[in-house]
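Participant: My questions will all concern the structure given below.
The values are calculated or read from the model by the stated rules, or taken from the named source; none is laboratory data. Just so it is clear, the structure is predicted and the values come from calculations on it, not from any experiment. Cβ coordinates were reconstructed from backbone atoms using ideal geometry, including for glycine residues, and neighbour counts include every protein chain displayed. The accessibility values were calculated without ligands, DNA or RNA, using every heavy atom of the protein model including side chains. Shrake-Rupley method; radii C 1.70, N 1.55, O 1.52, S 1.80 Å.
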Amino acid sequence: EDKVVQSPLSLVVHEGDTVTLNCSYEVTNFRSLLWYKQEKKAPTFLFMLTSSGIEKKSGRLSSILDKKELFSILNITATQTGDSAVYLCAVRRHTSGTYKYIFGTGTRLKVLA
Amino acid sequence: ETGVTQTPRHLVMGMTNKKSLKCEQHLGHNAMYWYKQSAKKPLELMFVYSLEERVENNSVPSRFSPECPNSSHLFLHLHTLQPEDSALYLCASSQDRTSGREFFGPGTRLTVL
């Protein structure tokens, strides 16, 4: 059965800390892995990763995929209170001519001032 | 603002009521989705529409009935729901069914009494 597991489930840090969020997966017909940030309601897209070892970077956020070990990490450096959110990992798989997303339960990050 | 709007934002209904959730996207996308997000569970894909045709139905009970009258609008008709159906219902859209990125609406928080 396909599954996506995120860790830790929750995390509390202070402003300025660096955090690493983990996403491991067991999914057949893997196509890509996506990271989303969910604050109040709507998840907002962060990164899409399809190739191993290539880091994607956006400001203080970066992410990398390891397709051999089947995991991805999301790094946030110099955290700010505005980074407080649930971070979702989703794996896109190909099935019967179409695509399907499998989401993890998310990591809840709280950044204290 | 992601370009995807949902109404209402909050809904409380009894088990015998009939209500509808509405989603509208202003992005010119061809694929639209309904997701259910329950507490401490991963996002669950419910329905997928591509070019107004339902292409995926992930074993959702018949008390949920989707409708896609055109590529910009998506409805979820609800009737005789159960308390366990209380959740956040998220609508999303993407350029097409094979596009890697989905844009989410703000969601409707549904409570079934």
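Participant: If you take the Cα Rg of chain A and divide it by 2.2 N^0.38 Å, with N the number of residues, what do you get? Write out the running numbers ahead of the final one.
Facilitator: On the way: Rg = 13.8 Å, N = 113, 2.2 N^0.38 = 13.3 Å.
Normalised Cα radius of gyration, chain A: 1.04.
Participant: A further question on this structure: Would you mind telling me the share, in percent, of accessible area of the protein assembly as shown contributed by carbon and sulfur at probe 1.4 angstrom?
Facilitator: Working: 5290 of 10750 Å².
Carbon and sulfur: 49 percent of the exposed surface of the protein assembly as shown.
Participant: Separate question: Just to confirm, what accessible area per residue do you get for chain B at 1.4 Å probe, in whole Å²?
Facilitator: Details: 5230 Å² over 113 residues.
Result: 46 Å² of accessible area for each residue.
Participant: Can you tally the net charge around B:K40? Count Lys and Arg as +1, Asp and Glu as -1, for every other residue whose Cβ sits under 14 Å from the Cβ of B:K40.
Facilitator: On the way: positive: A:R108, B:K36, B:K41; negative: B:E44, B:E84.
Net charge around B:K40: +1.
Participant: Does a label point 7 Å from the Cα of B:T111, set along Cα-to-beta-carbon, have any residues of segment B:53-97 with amide nitrogen under 16 Å, and which are they?
Facilitator: Only B:82-89 fall inside the zone, counting backbone N under 16 Å.
Participant: Can you give the % of DSSP beta bridges in the protein assembly as shown that are antiparallel, to the nearest 5?
Facilitator: Numbers: 81 of 90 bridges.
If we restrict to bridges inside the protein assembly as shown, about 90 percent are antiparallel.
Participant: Another question, if that's okay. Along the positive direction of the dipole of chain B (beta-carbon charges: Lys, Arg +1; Asp, Glu -1; about the Cα centre), which of B:N58, B:L113, B:T80 reaches farthest?
Facilitator: The residue sitting most towards the positive pole is B:L113.
Participant: For the protein assembly as shown, what is the Kirkwood estimate of the hydrodynamic radius, computed as the reciprocal of the mean inverse distance between distinct Cα atoms, to one decimal in Å? Intermediate values should be presented prior to the final figure.
Facilitator: Working: mean 1/r = 0.0551 Å⁻¹.
Hydrodynamic radius (Kirkwood, Cα only) of the protein assembly as shown equals 18.1 Å.
Participant: Further question on the same structure: Each residue of segment A:50-56 in turn: what ³J(HN,Hα) in whole Hz from Karplus with 6.51, -1.76, 1.60 and θ = phi - 60°, glycine and Pro shown as x?
Facilitator: The phi angles translate into 10, 10, 5, x, 9, 7, 9 Hz.
Participant: Which parts of segment A:20-51, residue by residue, lose 10 Å² or more of accessible area when the rest of the protein chains are there, as against the chain isolated (1.4 Å probe)?
Facilitator: A:Y36, A:Q38, A:K41, A:A42, A:P43, A:T44, A:F45, A:M48
Participant: Place a +1 charge on the Cβ of each Lys and Arg in segment A:33-113 and a -1 charge on the Cβ of each Asp and Glu, then give the dipole magnitude about the Cα centre in debye, rounded to the nearest 20.
Facilitator: Numbers: 13 positive and 5 negative charges, 44 e Å.
Dipole of segment A:33-113, to the nearest 20 debye: 220 debye.
Participant: Return the sequence-ordered ³J(HN,Hα) values of segment B:17-33 in whole Hz as given by the Karplus equation 6.51 cos²θ - 1.76 cosθ + 1.60 applied to θ = phi - 60°, using x for Gly and Pro.
Facilitator: 6, 10, 9, 9, 9, 10, 9, 9, 10, 10, 10, x, 7, 10, 10, 9, 9
Participant: On to the next question. Whole-Å semi-axes of segment B:34-104's equivalent ellipsoid, largest first, each the root of 5 times a Cα gyration tensor eigenvalue? The partial results should precede the final answer.
Facilitator: On the way: eigenvalues 87, 46, 19 Å².
Taking √(5λ) for each Cα gyration eigenvalue gives 21, 15, 10 Å.
Participant: Right, another one. Percent relative contact order of chain A, based on C-alpha pairs within less than 8 angstrom and at least six residues apart?
Facilitator: Working: 292 pairs, mean separation 41.1, N = 113.
It comes to 36 percent, rounded to a whole number.
Participant: How much accessible surface area, in Å² rounded to 10, belongs to the heavy atoms of A:F71 with a 1.4 Å probe?
Facilitator: 70
Participant: Starting from the residue with the highest accessible area, list A:I76, A:I64, A:I54 in decreasing order, probe 1.4 Å.
Facilitator: Values: A:I76 0, A:I64 55, A:I54 100 Å².
Accessible-area ranking of A:I76, A:I64, A:I54, largest first: A:I54, A:I64, A:I76.
Participant: Could you tell me the total accessible area buried at the B-A interface, probe 1.4 Å, in square angstrom to the nearest hundred? Before the final figure, lay out the partial values.
Facilitator: Values: alone 6060 and 6420 Å², together 10750 Å².
Interface between B and A: roughly 1700 Å².
Participant: Can you grab the distance from the C-alpha centre of segment B:78-99 to the C-alpha centre of segment A:41-62, Å, no decimals?
Facilitator: Rounded to whole Å, the Cα centres lie 24 Å apart.
Participant: Hey, rough spin-label estimate for B:S38 and A:S7, points 7 angstrom out along Cα→Cβ, what's it come to in nanometres?
Facilitator: Modelled inter-label distance: 2.5 nm.
Participant: If you take every residue apart from A:I64 with its C-beta less than 14 Å away from the C-beta of A:I64, what net charge results, scoring Lys and Arg +1 and Asp and Glu -1? Intermediate values should be presented prior to the final figure.
Facilitator: Numbers: positive: A:K56, A:K57, A:K67, A:K68; negative: A:E55, A:D66, A:E69.
Cβ neighbours under 14 Å give a net charge of +1.
Participant: Related question: So if each residue of separation counts as 0.36 nm, and I subtract the Cα-Cα distance between B:D96 and B:S65, what length gain in nm does that give?
Facilitator: On the way: separation 31, 0.36 × 31 = 11.16 nm, distance 2.19 nm.
Roughly 9.0 nm would be gained on extension.
Participant: In the neighborhood of A:F30, defined by Cβ-to-Cβ distances under 14 Å, what is the net charge if each Lys or Arg adds +1 and each Asp or Glu adds -1? Kindly include the intermediate steps, with their values, before the conclusion.
Facilitator: On the way: positive: A:K3, A:R31, A:K67, A:K68, A:R92, A:R93, A:K100; negative: A:D2, A:E26, A:D66, A:E69.
Within the 14 Å Cβ shell, the charges total +3.
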